[in-house]
Amino acid sequence: MARRPREVCRYKGGAAPNCVVVDAMLGWLARWLRIIGIDTAYGDAPDEELARTSCLLVTRDRALFERRRGPALLLLTEDHVEWLSALIHLLNVKPFVESRCPKCNTVLREAPCSDAEALVGHKIYSNRCWICPNCGSVYWEGSHWRGLRTTVKEALQRDVRCEKTF
């Protein structure tokens, strides 16, 4: 008898919109989604407000998922790479094409690293730098960025798809 694969996530609500809102328990995921280029809202909004958003709601809260009338993704495992894989495939995203600021969600502007160095006040040992035109935060391809790229590459290889419920 074939073993049924474990369920990673559940999706409901028809076509996924091009924006995401994550509940308060998934703040790190919001930052990662922004960096790979997904328009992602995050905050301490009450569940009732989250249940009404027009964006795709991403949650681990089963009750919130059940109350939600619009598009929603319920994450069922502890595997963060599977979460990223499911979201990248569901939203049909090409990671890192249009990275967003992990702090404020604004699309980042690539800039000469000399400009970034002037803003942070020290040498940046990277060939690529970005500046947020909204909050002024500076980013470069350091070890964190490389780690995220490695994780996203693994997520793309896993090709996780969610069970659809309607």
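The values are calculated or read from the model by the stated rules, or taken from the named source; none is laboratory data. Just so it is clear, the structure is predicted and the values come from calculations on it, not from any experiment. Here the Cβ is made from the backbone with ideal geometry for all residues, glycine too, and neighbour counts use every protein chain on show.
Details
- For the residues S85, S126, the requirement of being surrounded by 13 or more Cβ atoms within 10 Å (Cβ to Cβ), in a loop (DSSP other than H, G, I, E, B) and either touching a Lys or Arg at 6+ places or on another chain (Cβ under 6 Å) or at pLDDT below 95 (or both) singles out S126.
- Selection within segment 142-156 - of a type outside the set (A, V, I, L, M, F, W, C) and either buried (at least 17 other Cβ atoms within 10 Å of the Cβ) or touching a residue at least 24 places away in the same chain (Cβ under 8 Å) (or both): R149, T151, E154
- A16 falls short on exactly one of the conditions (1) out of contact with any helix residue (DSSP H, G or I) (no Cβ under 6 Å at 6 or more places or on another chain); (2) part of a loop (DSSP other than H, G, I, E, B); (3) modelled with pLDDT under 90, and that condition is (1).
- Selection status of P71, of a type outside the set (A, V, I, L, M, F, W, C), within 19 Å of E163 (Cα to Cα) and at pLDDT below 90: no
- Filtered residues of segment 65-76 (kept if farther than 12 Å from K12 by Cβ and either polar (S, T, N, Q) or not in a loop (DSSP other than H, G, I, E, B) (or both)): L75
Conditions (1) aliphatic (A, V, I, L, M); (2) within 19 Å of V20 (Cβ to Cβ), marked per residue:
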position	(1), (2)
K103	no, yes
L108	yes, yes
I131	yes, no
C135	no, no
W140	no, no
K164	no, yes
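- The set of residues from segment 150-163 being in contact with a helix residue (DSSP H, G or I) (Cβ under 9 Å, 6 or more places away or on another chain) and at negative phi comprises T151, V152, E154, A155, L156, Q157, R158, V160, R161, C162.
- Whichever residue in segment 38-53 is in a helix (DSSP H, G or I) and not charged (D, E, K, R) and, among such residues, is surrounded by the fewest Cβ atoms within 10 Å (Cβ to Cβ): A51
- Figure legend. Inter-residue proximity from segment 75-96: first residues within 11 Å of V160 (Cβ to Cβ), second residues part of a helix (DSSP H, G or I) and hydroxyl-bearing (S, T, Y), beta-carbon distance below 8 Å, spacing 6+ or different chains. Indicated pairs: V81/T151; L84/T151.
- Taken together, A86, A118 contain a single residue that is of a type in the set (G, A, S) and touching a Leu at 6+ places or on another chain (Cβ under 8 Å), which is A86.
- Only a single criterion out of (1) of a type in the set (F, W, Y); (2) in a loop (DSSP other than H, G, I, E, B); (3) farther than 22 Å from L56 by Cα is not satisfied by F96, namely (3).
- Top-ranked residue of segment 142-166 - restricted to ones that are in a helix (DSSP H, G or I) and charged (D, E, K, R), ranked as farthest from W83 (Cα to Cα): R146
- Filter pass, Y139 being of a type in the set (F, W, Y) and part of a strand (DSSP E or B): yes
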